[in-house]
Amino acid sequence: MDVGELLNYQPDRGAKRPREEDGVPGGEEDSRAGKQQKGLGSRYREAAVAAGGGIGVEVGVELRETEEQTGDKKKILEKLMDQDEEEPEAEPVDESSVKKMILTFEKRSYKNQELRIKFPDNPEKFMESELDLNDIIQEMHVIATMPDLYHLLVELNAVHSLLGLLSHENTDVAIAVVDLLQELTDIDTLHESEEGAEVLIDALLEGQVVALLVQNIERLDEQVKEEADGIYNTLAIIENMAEFRPGLCTEAAQQGLMQWLLKRIKAKMPFDANKLYCSEILAILLQNNDSTRELLGEMDGIDVLLQQLSVFKRHNPSMAEEQEMMENLFDALCSCLMLPSNRDRFLRGEGLQLMNLMLREKKMSRTSALKVLDHGMIGPEGADNCHKFVDILGLRTIFPVFMRTPKKMKKTGASEKEHEEHVCSIIASMLRNLKSQQRSRLLSKFTENDCEKVDRLMELYFKYLEAVQQADKRIEGEKHEMVRRGEILDDSMEDEFYLRRLDAGLFVLQLICYIMVEISNSGISQLQQRVHQILNLRGGSVKLVRHIMREYAESIGDGKSDEFKEAERKRIMDLVDSF
């Protein structure tokens, strides 16, 4: 072999992996070529060096070109193989192909069931049929692209069969069914064909889908990644169905879902995506639903929520997802407190003490703790909580927050208005509900430090008055414009305008005016004088305060009994008249 042959020599490298997989591009090839060269002996190496360095460069270029050619061929081959794999899916999905698919599914499901009964202790006999069954379930994902053919799943009894497979002995099959159901119930797909969606959801609910899903997730082990994903997809099915048909929340909660969610939330496991999703589903179940709130209360759910939230009294959530879970749990707690019987459970579970601690600690949980206190103390049902709050020295915590809105609220995503609304609402609830000694303690807070709390109250009054007057101006302009165009101002438009005024700050303004008239009628002349003094000083008018309070009295007591509404209106109007 002469020097020329030697330099053109290319070692046989075999198939080459795509470059991206190598730690260093071309690294493996270089080392392999190096090994070949070592085997050639020093005689040839010396000859190669003698032939000059320029030839070495040519060899390197040739090597690189060959490598690139091999890489290109590999890419072309991969593309062709990919196309081959994709080709079977290109078959058009129509009614007959879906029917054929469902028929195949039914046959394979039946065959697998039959073999499992025949050879229960011999997996080799039924393993093949199980793999076939799994394959057809994967193929059925294509039906999710055609929601208008969902009726076929119901008519050919496939929904019933799929639900039956949720309790299959092999959890992999059950998880494959969960994946399929998750895709079939995807909320965007459901909205593509309302008719198909209705049919599917009806059939699933008729087959007790939630109870079967819960039974399935109870046997899954979250240490196994596939099974943890199965649980996540199960929760996604429930979320999809609840969004499409909110009425099913009560039924779902009663079919074991509420119990499982509470158990999973309090499980001593590291925080993960499933725990976050559980908190989300819990908050959805409790939204505007008194029967699920009652159910949670009966299952000691208030205690579970308080225990989980207590972690955040001295520590901030470590990441954004954990913060989201914390907010979900707070939302769930606020929903529960809309039900009077849960207020007692909250009181007995020392919820007030926990919220009070959170306000003191000044962590991220502070804003949400305020919201919970507001929900727990509002209305006549909050009287016990109001008294207890004063007993645990809550006034020392709430008034510093009233005097100064925290600057660090960007992190928690709460607005200044939201914060001030909750604080004013808590103080208004206490003025409404407190009796005897506790009421005196509250009122004496307003006289402290030369009535600084009254000064702050009046500062807030003028701030929100200005915001509402600006909104009124804009709304008046829009009304004139609508009249000019000949449009009719019906009740729904008036309601919309009223809601916009509330958003602009009217509700906070009403709460502030309520506190003003309450403390002015408290019998402490110092407070009344200070309120009137600041009103006159800044060109405010008693007449305007009375007008705001009358509007407030008119809109009071949504969902309350007529007797309560009347009594409350009369009480407010008496306060206004003596203001």
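The values are calculated or read from the model by the stated rules, or taken from the named source; none is laboratory data. On a predicted model such as this, the values are computed, not experimentally measured, just so you know. Because the Cβ atoms are built from the backbone with ideal geometry, glycine has one as well, and the counts that use them run over all protein chains shown. Quick note on the areas: whole protein, heavy atoms, side chains included, nothing else; ligands and nucleic acids left out. Shrake-Rupley method; radii C 1.70, N 1.55, O 1.52, S 1.80 Å.
Roughly to the nearest percent, how much of the accessible area of segment 362-408 is carbon and sulfur, given a 1.4 Å probe? In segment 362-408, the share of accessible area belonging to carbon and sulfur is 51 percent. For segment 455-578, the spread of Cα coordinates along the three principal axes comes to 53, 39, 20 Å, biggest extent given first.
Run the paramagnetic zone check for HIS160: 7 angstrom along Cα to Cβ, then residues of segment 191-212 with backbone nitrogen under 13 Å. Label zone hits: 203-204, 206-208. Counting only Cα atoms, the size of segment 338-394 along its three principal axes is 29, 22, 18 Å, in decreasing order. Shape of segment 220-320 from the C-alpha gyration tensor: oblate (a/c of 1.5 or more and a/b not above b/c, with a ≥ b ≥ c the square roots of its eigenvalues). Over segment 94-245, accessible surface divided per residue gives 48 Å², non-protein components excluded, 1.4 Å probe. Scattering from segment 138-248 was approximated by placing one identical point on each alpha carbon and applying the Debye formula without solvent; log10 I(q)/I(0) at 0.10, 0.12, 0.16, 0.22 1/Å stands at -0.25, -0.36, -0.66, -1.26.
The residues of segment 348-489 expose, per residue, 48 Å² of accessible area to a 1.4 Å probe. Taken over segment 237-295, the ratio of Cα radius of gyration to 2.2 N^0.38 Å equals 1.09. With Cα atoms defining each centre, segment 175-207 and segment 476-493 are spaced 43 Å apart in the structure. Once both labels are positioned 7 Å from their Cα atoms along Cα-to-Cβ, the gap between SER96 and MET403 label points is 8.3 nm. Amide H contacts of MET146: none lie under 5 Å away among residues 5 or more positions distant or on a separate chain (H built 1.01 Å from N in the peptide plane; Pro and chain starts excluded). Measuring r between the beta carbons of ASP503 and MET573 and using R0 = 25 Å, the FRET efficiency lands at 0.45.
Judged by the mean number of other Cβ atoms found within 10 Å, the most tightly packed of the peptides 441-451, 502-512 leads the ranking 502-512, 441-451. Net charge in the neighbourhood of ASP490 (other residues with Cβ under 13 Å of its Cβ; Lys, Arg +1, Asp, Glu -1) is -4. Between SER318 and ALA273, the simple label model (points 7 Å from Cα in the Cβ direction) yields a spacing of 1.9 nm. For segment 321-452, the gyration tensor built on C-alpha atoms gives an oblate shape. Its axis ratio a/c (a ≥ b ≥ c) is at least 1.5, and a/b is not larger than b/c. Measuring nothing but protein heavy atoms, the accessible surface of segment 225-287 at 1.4 Å probe radius is 52 percent carbon and sulfur. Potential lengthening of the chain between GLU563 and GLU218 amounts to 119.4 nm, from the contour at 0.36 nm per residue minus the alpha-carbon distance. Given LYS225/LYS363; LYS371/LYS570; LYS225/LYS275, which pairs have Cα atoms separated by over 26 Å? In this structure, LYS225/LYS363; LYS371/LYS570 lie more than 26 Å apart at Cα. Taking label positions 7 Å along the Cα-Cβ direction at both ARG484 and ALA228, the computed distance is 6.2 nm, reported to one decimal. Within the accessible surface of segment 455-578, defined with a 1.4 Å probe on protein heavy atoms only, the carbon and sulfur portion equals 49 percent. I want the local charge near MET299. Using Cβ-Cβ distances under 12 Å, sum +1 for each Lys or Arg and -1 for each Asp or Glu among the other residues. Local charge sum for MET299: 0. What FRET efficiency comes out for LEU103 versus SER291 if R0 is 35 angstrom and r is the Cβ-Cβ distance? Round to the nearest 0.05. For LEU103 and SER291, the calculated efficiency is 0.25.
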